[in-house]
Amino acid sequence: MPRVTLAHWHDGRAPGAELDVSDAELAELRRDGRVAGILDDPGTQPEPSSTPAPDDQSAAEPEAQAAEAEPEEPAPAGRKRR
C-alpha cells in the first residue's frame, strides 16, 4: 500500500497529512492533483542497475539552447478597458 502526502484537503484530512491509500485511491488522487508526494510505493521502485545514470546537466543544456534560439512571439494585443 503506497503512503502519500496530501497537497489538498481529502476526506477530512488537511494538506500535508500522510496516509496509506490503495492503488485505486492513489490513481484517483493523482488524477485530481491532490498528491504532494509519494513516500512509500513498493510497486514503482526502480530496480538497481549496473549502468550509471546519465548526467542531468548535460541533458538539460541542449534543451535550454534550443529554447533560446527560437524567437519569442509578442503577446496578442487585446482590447483595453475604459
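The values are calculated or read from the model by the stated rules, or taken from the named source; none is laboratory data. Just so it is clear, the model here is predicted, and its values are computed rather than measured. Using ideal geometry, Cβ is built from the backbone for each residue, glycine included, and neighbour counts are taken over all protein chains shown.
Rundown of residues vs (1) more than 22 Å from the chain's Cα centre (by Cα); (2) modelled with pLDDT under 90, yes/no style:
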{"site": "2", "(1), (2)": "no, yes"}
{"site": "18", "(1), (2)": "no, no"}
{"site": "42", "(1), (2)": "no, yes"}
{"site": "64", "(1), (2)": "no, yes"}
{"site": "76", "(1), (2)": "yes, yes"}
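Looking at the stretch 20-40 only, could you name the residues that are aliphatic (A, V, I, L, M) and over 18 Å from the mean Cα position of the chain (by Cα)?
Residues satisfying the conditions are 21, 24.
Please count how many residues of the stretch 6-37 are surrounded by fewer than 15 Cβ atoms within 10 Å (Cβ to Cβ) and in a strand (DSSP E or B).
Residues that pass the stated criteria total 4.
Quick check on my filter: what residues within the stretch 19-40 are more than 10 Å from residue 2 (Cβ to Cβ) and of a type in the set (Asp, Glu)?
Result: 28, 32.
Just to be sure I understand the filter: pairs with C-beta atoms under 8 Å, separated by 6 or more residues or on different chains, first member in the stretch 12-24 and within 12 Å of residue 36 (Cβ to Cβ), second member assigned to a strand (DSSP E or B) and of a type in the set (Val, Ile, Thr). Which pairs pass?
So the pair list comes out as 16/5; 17/5; 18/4; 18/5; 19/4.
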